[in-house]
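The numbers here are math on the coordinates, done by the rules we state, and not lab data. Everything numeric in this text was worked out from a predicted model, so none of it was measured.
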Amino acid sequence: MQKLVKQILKFGVVGALCFVIDYGIMVALIELCNMNEVLSAGISFSVSVVVNYILSITMVFEVDKKANQAGQFFIFLVLSIIGLGINELLMWVGIAWLSPYMERAYMLVKIFATGVVMVYNFITRKIFIEKHEK
């Protein structure tokens, strides 16, 4: 149990760092480049996925070093694309729902979407990426 708690804490630190990257790029693309909110959220999410992969396999999850690295990355990528889909859907719905009531609704929606995707990411990576004893 102690190992799981440490792993969740490490995942939280990695997630927080990747959130800062994701959120910062998204806001910069929207505010400085006048890019569409949903498109910028997709771009920023994709950049953070690469950083997250590197940190996840080196700091958070015990991966099988003998396993096919390309295969592991492919699984990580597929899981991340599903996470991106969840992120984009939540961004689209949340912005549409909150925009009439608040300015820059995307900022609040992004925080909620990130929380949902973070839980999804931990569970799926624990199941599909981490090495399991046979």
- [ ] At 4 °C and 1.567 mPa s, grab the translational diffusion coefficient of the chain from Stokes-Einstein with a Kirkwood Rh over Cα pairs, rounded to a whole number in µm² per second.
- [x] 83 µm²/s
TODO: Provide the per-residue ³J(HN,Hα) series for segment 45-61, in order, calculated from phi with Karplus coefficients 6.51, -1.76, 1.60 and θ = phi - 60°, each as a whole number of Hz, with x at glycine and proline positions.
DONE: 4, 5, 5, 5, 5, 4, 4, 4, 4, 4, 6, 5, 7, 9, 10, 10, 9
Open item on the list: What number results when the radius of gyration of segment 31-99, computed over Cα atoms, is divided by 2.2 N^0.38 Å?
Closed with: 1.38
- [ ] Let me know the number of lysine pairs in segment 23-134 closer than 25 Å at the Cα, not counting same-chain pairs under 8 apart.
- [x] 8
Open item on the list: Can you return the aspartates and glutamates within cross-link range of Lys10? Criterion is Cα-Cα under 20 Å, with same-chain partners fewer than 8 residues away left out.
Closed with: Asp22, Glu62, Asp64, Glu130
